[in-house]
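Engineer: What follows is a single structure, and I will ask about it in a moment.
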Amino acid sequence: MRTRTVAVFASIFASFVLAAGLAIAAEEGFPLREKFPKVKYLTTEALHRDYQNTIIVDVRSKIEFNVIHINKAVYLPVATAMFTKDLEKVRAKDGSAPIAFYCNGHTCAKSYEAAEQAMEAGFKNVYAYDAGIYDWVKAHPDKGTLMGKTPVAMDKLISKEMIAKRKITYDKFKVKAQNPEAMVVDIREPFQRDSVPPLPALRNIPSDRFAELIATGTLKGKELLILDAVGKQVEWIQYYLEMYGQEQYYFLDKGVAGIK
């Protein structure tokens, strides 16, 4: 009897440990899955296995898509008011081909939000590929495009260290902005500019337009001081700055949200 009790206890304990382990793994690896329990997701392996038959939809901003994307992805930003209407042009609501939405990875909510909106609109067979673009290109660089080139050259991906060394505090940003030769640029969209820092000659050039301007080469040699909302948009701009040989540039650390 005692042996049986011990066995039952061991079984319960093992189940508890397994459940706890899975919960911790989910929290660390994919923290948003718990917030979107109705959304089914695909792993990198599963998406690659059915790559040819799956409709892959990139739901990020245009500049993010232009910098890096999955090769066969359809660009359809979830932020637009016509998202589900436009999705019907990609596949009928009752279509059989699976749709996989993706964004920037484990902590990006856009893939889940897109799948949730699609389900609420009546679309069937939809998933979030929540591992995101970087997990994909690391596993399958031949099926990814970086700055217009395939396969993705892994040594061209900008590291956290490369980004960090270009970010400066607001105090340092203000000092540099006093230089009449510096170009101070706010790359937020006009609707994001509810708070505008008092910086001299601050120009508003939204990120997509600014990327195009960098590509023309007319800014080469200038010292660029660039700010955004929270310090994330500038990370995409950095790909253009590096690709087109811009040497003098700095980002406002944490963007406008970090100004105290």
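Engineer: Just to check I understand the Karplus step: with θ = phi - 60° and J = 6.51 cos²θ - 1.76 cosθ + 1.60, what whole-Hz values come out for the range 108-125, glycine and proline as x?
Structural biologist: Computed from phi, the couplings for the range 108-125 are 8, 8, 4, 5, 5, 4, 5, 5, 5, 4, 4, 5, 5, 7, x, 6, 9, 6 Hz.
Engineer: Dipole magnitude of the chain about its Cα centre, charges +1 at Lys/Arg Cβ and -1 at Asp/Glu Cβ only, in debye to the nearest 20? Show your work: numbers first, answer last.
Structural biologist: Details: 36 positive and 31 negative charges, 52 e Å.
That gives the chain a dipole magnitude of about 240 debye.
Engineer: In addition: List the residues, sorted by chain then number, that are 5 or more residues from residue 69 or on another chain and whose placed amide H is less than 5 Å from its amide H.
Structural biologist: Residues meeting the amide H criterion: 145.
Engineer: Whole percent per 5 Å bin, from 0 to the bin with the longest distance: what is P(r) over all C-alpha pairs of the chain?
Structural biologist: P(r) over the chain, rounded to whole percents: 1, 5, 11, 14, 14, 13, 12, 10, 7, 5, 3, 2, 1, 1, 1, 0, 0, 0.
Engineer: Continuing with the same structure: In what sequence do 60, 33 fall when counting other Cβ within 10 Å, fewest first? Mind dumping the intermediate values first?
Structural biologist: Numbers: 60 27, 33 16.
Listing 60, 33 from fewest to most nearby Cβ atoms yields 33, 60.
Engineer: What relative contact order, as a whole-number percentage, does the chain give when Cα pairs under 8 Å and 6 or more residues apart are counted? List each step's numbers first, then the result.
Structural biologist: Numbers: 400 pairs, mean separation 40.0, N = 260.
Relative contact order here is 15 percent.
Engineer: In whole Hz, with x marking every Gly and Pro, tabulate ³J(HN,Hα) for the range 242-259 from phi via Karplus 6.51 cos²θ - 1.76 cosθ + 1.60, θ = phi - 60°.
Structural biologist: Calculated HN-Hα couplings, in order: 6, 4, 9, x, 7, 9, 9, 7, 9, 10, 6, 4, 6, x, 4, 5, x, 6 Hz.
Engineer: Let me know the shape class of the range 160-258, please: from the alpha-carbon gyration tensor, a ≥ b ≥ c as square roots of the eigenvalues, rounded when a/c is under 1.5, otherwise prolate if a/b is greater than b/c, or oblate.
Structural biologist: On the way: a/c = 1.25, a/b = 1.21, b/c = 1.03.
Since a/c stays below 1.5, the shape of the range 160-258 is classed as rounded.
Engineer: Let me ask something else about it. Say the cut-off is 24 Å between C-alpha atoms; which of 165/254; 89/156; 72/149; 93/143; 89/149 go over it?
Structural biologist: Numbers: 165/254 13 Å; 89/156 34 Å; 72/149 14 Å; 93/143 27 Å; 89/149 27 Å.
In this structure, 89/156; 93/143; 89/149 lie more than 24 Å apart at Cα.
None of the figures in this text is laboratory data; all of them are computed from the coordinates on show. This one's a predicted model, so the numbers in the text were calculated from it and none came from an experiment. Heads up, the Cβs are rebuilt from the backbone with ideal geometry, glycines too, and the neighbour counts pull from every protein chain shown.
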